[in-house]
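The structure appears right after this line, and notes come after that.
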Amino acid sequence: MSKRTTIVDIARVAGVTPKTVSRALNDAPHVSKAVRQKVKAAAAELDYHPNLAAQSLIARRSYLIGLTYERPSPSYVVDLQNGALGRLEDGRYRLVVLPFNHVASRPEELGRLLLRAGLDGVLLAPPACDQPALLDMLERHKLPYGRITPHSELDRGIVVTMDEAAAGQAVAAHLLSLGHRRIGIILGDPSHAASLGRMEGYRRAFGDASAAIDGGLIVTGDFTYDVGYRAARELLERAPRPTAILAQNDDMAVAAIAAARDLGLAVPGDLSVAGFDNSEVSRTAWPQLTTVDQPVRQMAWDAADRLIAALDGKKDDPGSLRRDHAHQLLVRASTAPPAV
C-alpha cells in the first residue's frame, strides 16, 4: 500500500518548512504569492489531499457547517442544499443537513440538536431563522449562524434577505392588471414569516388597484402539493368560483392546475394560476407557471460563503452582515385575462 502524501513531503519538494506549507495551503496571511504558488504546485504534483480528520484534531474544529430547514417543498429544499453545497465544493468544510419539523413550537430542542452536532457554524432557513429563543441559545454557546430570508431582528447574525412583501405585491398586481378581481389565495404554513410577508404584498397590490380581497377566498395550505390540491378544490367548488388563484409557492400552484383540470377547467382559459419561487416544477408544469423568481440557490450560496468567511476570520466590508437579493416576476402561460 502506497504511503499517503503529507505536508512534510510537500515541504521537501517545495524547499520550505512544513509550517509554511500548512500556512500556504490554508491561504493564511504573511505568505508571499510566489511561495504560495510553489507550495500549491508541489501539492498538485504529489496529488496531495488534506486529511480533514487530522486538521480537525489539530485546529480543534470540525469543519462542519449545518443546514437546518423545515419547509417541506422538495424543490425548495433541493435549491437550498445545492446552493450551500456549491459554496462548500472543493473546500475544507462539509455540509451536515439537519431537517427539523415544528420549529416554532420547540426552538430550544432544535438548538440542543445543533449544539450536539459538533458544528463550526449553522445556516438557518425558515422558520428557524425567525426564532428568537433559538438565536439566543446559539449566541450563548457561541455557535456562529447565517440566516436565510429572515423577517425579524435583521441585525442579528449573518442575514441574507429578499423582500417577500414586494415580491407578493408584484405577482398579485400582475393578476389584477389582467382584470381579475375574484382571486383565490392559498396561504403557506402560518408558522413561516414568509407567508405573512407575501400576504402583506397581496394586500398592497389590491389596495393600489382599489380592489377588495374576498376573505372567503383565502384558504391555508402548508407549502405541499397534497394540501395545495385540497385547498384549490375547496376554492374551485365555491360559487361563483375564482377566476384566478394566487398560491404562495410553486408546489401548491401546480396542485391548483391539477385540481382545475380534474374539474374540467382549462388553465388559463377558465382559471389563471400564479405561484412563487421559480422552482423546477414551475418550468416543467404545463402550462408553464407564472411565478416569482426567489433566488434560493444563490441566497444559500451567499449565506454559506459569508459564514465561512466569518469562521476563517476574514474581514469584510462593514455592511457585510446583511445582503439583500432581488426578486423577479416571471410571466408565463398560466395567466391570462379572465374569460368574459
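The values are calculated or read from the model by the stated rules, or taken from the named source; none is laboratory data. Since this is a predicted model, take the numbers as computed values, not measurements. Note: ideal-geometry Cβ built from the backbone for every residue, glycine included; neighbour counts use all protein chains shown. To get the accessible areas, we keep the full protein, side chains included, count just its heavy atoms, and leave off ligands, DNA and RNA. Shrake-Rupley method; radii C 1.70, N 1.55, O 1.52, S 1.80 Å.
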**OP:** Could you tell me how many degrees, from 0 to 90 and to the nearest 10, lie between the Cα long axis of helix 193-208 and the main elongation axis, the longest principal axis, of the Cα atoms of the chain?
**Re:** 40
**OP:** Specify the residue with the greatest mean-square fluctuation among Ala84, Ala253, Ala41, computed from a Gaussian network of the chain linking alpha-carbon atoms under 10 Å apart.
**Re:** Ala41
Subject >> Sites matching trypsin sites (Lys or Arg not before Pro) across region 95-171 that sit in DSSP coil, with at most 16 neighbouring C-beta atoms within 10 Å >> reply: Lys142
Subject >> Largest to smallest principal axis extent of the C-alpha atoms in region 245-340, angstrom >> reply: 60, 22, 16
Original post:
When DSSP beta bridges are limited to those with both residues in the chain, what percentage is antiparallel, rounded to the nearest 5?
Top reply: 10
Subject >> Nonlocal Lys pairs with alpha-carbon distance under 23 Å, the chain (8 or more apart, or different chains) >> reply: 12
Original post:
With +1 on each Lys and Arg Cβ and -1 on each Asp and Glu Cβ, how big is the dipole of the chain about its Cα centre, in debye rounded to the nearest 20?
Top reply: 1320
Subject >> Extreme residue, positive dipole direction of the chain, given options Tyr229, Met299, Ala309 (C-beta unit charges) >> reply: Ala309
Original post:
With every protein chain left in place, what is the accessible area per residue of the chain in square angstrom, probe 1.4 Å?
Top reply: 46
Original post:
Under the classification rounded if a/c is under 1.5, otherwise prolate if a/b is larger than b/c and oblate if not, where does region 94-148 fall, given a ≥ b ≥ c as square roots of the Cα gyration tensor eigenvalues?
Top reply: rounded
Subject >> Amide hydrogen neighbours beyond the local backbone of Val122, cut-off 5 Å, H modeled >> reply: Gly66, Tyr145, Gly146
Original post:
Residues with amide H under 5 Å of Val159's amide H, sequence separation 5 or more or different chain, H placed in the peptide plane at 1.01 Å from N; which?
Top reply: Arg147, Arg322, Arg323
**OP:** Report ³J(HN,Hα) in whole Hz for each residue of region 182-191, in order, from the Karplus equation J = 6.51 cos²θ - 1.76 cosθ + 1.60 where θ = phi - 60°; Gly and Pro get x.
**Re:** 8, 10, x, 10, 10, 6, x, 4, x, 7
**OP:** Over all alpha-carbon pairs of the chain, lay out the pair-distance distribution in 10 Å bins, whole %, shortest bin first.
**Re:** 5, 23, 26, 19, 14, 8, 5, 1, 0
**OP:** Report the accessible area of Leu154, computed with a 1.4 Å probe over the heavy atoms of all protein chains in place, in Å² rounded to the nearest 10.
**Re:** 50
Original post:
How far is helix 164-177 tilted, in degrees, relative to the longest principal axis of the Cα atoms in the chain, given as a value from 0 to 90 rounded to the nearest 10?
Top reply: 30
Original post:
What angle, in degrees between 0 and 90 and rounded to the nearest 10, separates the Cα long axis of helix 33-45 from the longest principal axis of the Cα atoms of the chain?
Top reply: 90
